[in-house]
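Single-structure report; data block below.
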Amino acid sequence: MTKRPSARKETRDYLAVREGIKLMPLLCGESHATVCQPIKFTPANRKLANASAKKLLVVDDDPILCLGLNVRLRANHYDLCFAHEGEAALRVALIEKPDLILLDLSLPRGDGYFVLHSIKMIPELAAVPVIVLTARDKFTDESLCLDAGAKRFFEKPVSNGLLLKTIEELVN
């Protein structure tokens, strides 16, 4: 029988991302599915959401990268939501209606190409700009992603300044 972490450990080791979205494991080594549970906003933490901020959907299964993007982009006044699997990315995108999507290509349950093609086929999401942010090879994947509808392609790691400048260009 797998032992679940205590409530105190969950509070310390997990980052609440958005209402109805899974919690994102931080440095814990357990899979997302085994320990992630949805959370509900309280009046105190709902104030943290900026109604006028542009909403970005980050689709990546790397919790460290998600944490870094969370800190970096919230500091620049973006509202974020996260998905860690291909199938979940489409559900979250339809619910949250993001202004831009940051997409990794290597995902469980539907890779980034599946997500990118699906986004461009769904009328409510077709106009949402997508930035592919991946560790895959630029020479083999960049043209495929741009042909599939991505606006930009970056190899990880990407500089903060370049990523922020590109996001600003695409959401304004």
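Conditions (1) hydroxyl-bearing (Ser, Thr, Tyr); (2) buried (at least 19 other Cβ atoms within 10 Å of the Cβ); (3) in contact (Cβ under 8 Å) with a residue 40 or more places away in the chain, marked per residue:
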site	(1), (2), (3)
84	no, yes, yes
98	no, yes, yes
106	yes, no, yes
134	yes, yes, no
144	no, no, no
**Prompt:** Is it the case that residue 167 is β-branched (Val, Ile, Thr), in contact with a Leu (Cβ under 7 Å, 6 or more places away or on another chain) and either more than 20 Å from residue 62 (Cβ to Cβ) or touching a residue at least 40 places away in the same chain (Cβ under 8 Å) (or both)?
**Reply:** yes
**Asked** Just checking, which of 69, 57 is at pLDDT 90 or above, assigned to a strand (DSSP E or B) and either acidic (Asp, Glu) or closer than 26 Å to residue 144 by Cα (or both)?
**Response** 57
**Prompt:** In this structure, does residue 138 turn out to be under 17 Å from residue 171 (Cα atoms) and surrounded by fewer than 19 Cβ atoms within 10 Å (Cβ to Cβ)?
**Reply:** no
**Request:** Exactly one condition in (1) within 23 Å of residue 53 (Cβ to Cβ); (2) under 16 Å from the mean Cα position of the chain (by Cα) is not met by residue 124; state its number.
**Result:** (2)
**Fill in**
Sole miss for residue 113 among (1) loosely packed, with under 15 Cβ neighbours inside 10 Å; (2) out of contact with any strand residue (DSSP E or B) (no Cβ under 8 Å at 6 or more places or on another chain) is condition (1)
**Item:** Single unsatisfied condition, residue 147 versus (1) farther than 23 Å from residue 76 by Cα; (2) modelled with pLDDT of 95 or more; (3) not aliphatic (A, V, I, L, M)
**Value:** (2)
**Item:** Number of the exception - residue 68 against (1) under 12 Å from the mean Cα position of the chain (by Cα); (2) crowded, with 16+ Cβ neighbours inside 10 Å
**Value:** (2)
**Item:** Hey, residue 75 more than 19 Å from residue 151 (Cβ to Cβ) and not β-branched (Val, Ile, Thr) or not
**Value:** yes
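The values are calculated or read from the model by the stated rules, or taken from the named source; none is laboratory data. Computed from a prediction, not measured in an experiment: that's the story for all the values here. Cβ atoms come from the backbone with ideal geometry, glycine included; neighbour counts cover every protein chain shown.
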